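Worksheet: the structure to be examined is printed underneath.
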Amino acid sequence: MSGPGHGVLRLCEEVDDAPSGLDPPAAGRLHRIVVDRAADAGVHPVSSHGLSLGDSIALARALDRMPDRLIVRAAEVADVRQGVGLSPAVAKAADALTAAVLEDLAAD
């Protein structure tokens, strides 16, 4: 990001859930999508939130807030209903997801 009070944002990591639509779901499977600023997003929505990933990237570009590199990591989930805690499969994947994010950050 640039502007008053902001340096240049080189890397941003987004971590979210990702319902895959598989039957049965592959809960706990990890995904990684990398979008470089110069590259076309070319990604499809991975979330049921208000904006798709592609829409969010387009908005960041339009507002000149796109980092040089965006890494989206997601854990597949079997159930997206509201509740407390993680399913056992996603909880098991959380350590690997955390380690992967830390590895990306250390490599930058």
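The values are calculated or read from the model by the stated rules, or taken from the named source; none is laboratory data. These figures come from a predicted structure and were not determined experimentally.
Of a type in the set (D, E), at pLDDT below 80 and either farther than 15 Å from E14 by Cα or under 15 Å from the mean Cα position of the chain (by Cα) (or both), is that true of D104?
Details: of a type in the set (D, E): yes; at pLDDT below 80: no; either farther than 15 Å from E14 by Cα or under 15 Å from the mean Cα position of the chain (by Cα) (or both): yes.
Answer is no for this residue.
Does at least one position in the range 53-71 carry a residue that is modelled with pLDDT under 80 and part of a strand (DSSP E or B)?
No - not one qualifying residue is present in the range 53-71.
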